[in-house]
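Notes for the one structure printed next.
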Amino acid sequence: MPATPTRNQKLDLRITPQAKSYLQAAAQAAHRSVSEFVLESALAKAEETLAERRAFALNAETWEAFSKALDAEPRDLPVIRRLFEAQSPFERS
């Protein structure tokens, strides 16, 4: 069984008394401490937010167009070609 990572970082936030009461009530209903409830909720929202940036769904027609675009020969874009041909400003003496 893997060891549980040590929680040694702290996150402070300021909230209204109403928000604190609401979180306390929700934590109690979930049989969690407020810290556990807030951490679990925040991590779930973070996972949801980041998943939206990693995965996307396409219908069959859109998938076909996407696949064709990926498989197509690259277009010649003179502006991009010049950019890659130019000396990097970090390499100039």
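Every read-out reported here was derived from the displayed coordinates using simple, explicitly stated rules and does not represent laboratory data. Everything numeric here is computed off the predicted structure, so don't read it as measured data. Methodologically, a virtual Cβ is constructed for each residue, glycine included, from the backbone with ideal geometry; neighbour enumeration extends over all protein chains shown.
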_Please determine whether any residue of segment 32-50 is of a type in the set (Gly, Ala, Ser), more than 19 Å from Arg7 (Cβ to Cβ) and free of Cβ contacts under 8 Å to residues at least 12 places away in the same chain._
no
*Do we have any residue at all in segment 12-24 that's out of contact with any helix residue (DSSP H, G or I) (no Cβ under 6 Å at 6 or more places or on another chain), without any contact (Cβ under 8 Å) to a residue 60 or more places away in the chain, β-branched (Val, Ile, Thr) and in a loop (DSSP other than H, G, I, E, B)?*
yes
_Checking the condition of a type in the set (Lys, Arg) and either under 25 Å from the mean Cα position of the chain (by Cα) or surrounded by fewer than 10 Cβ atoms within 10 Å (Cβ to Cβ) (or both), which residue from Arg82, Arg32 passes?_
Arg82
_Given the criterion surrounded by 10 or more Cβ atoms within 10 Å (Cβ to Cβ) and under 21 Å from the mean Cα position of the chain (by Cα), identify the matching residue among Leu11, Leu39, Leu23._
Leu39
*For segment 52-64, how many residues are surrounded by 10 or more Cβ atoms within 10 Å (Cβ to Cβ) and in a helix (DSSP H, G or I)?*
3
_of a type in the set (Lys, Arg), more than 27 Å from Arg7 (Cβ to Cβ) and assigned to a helix (DSSP H, G or I): is that true of Arg81 in this structure?_
yes
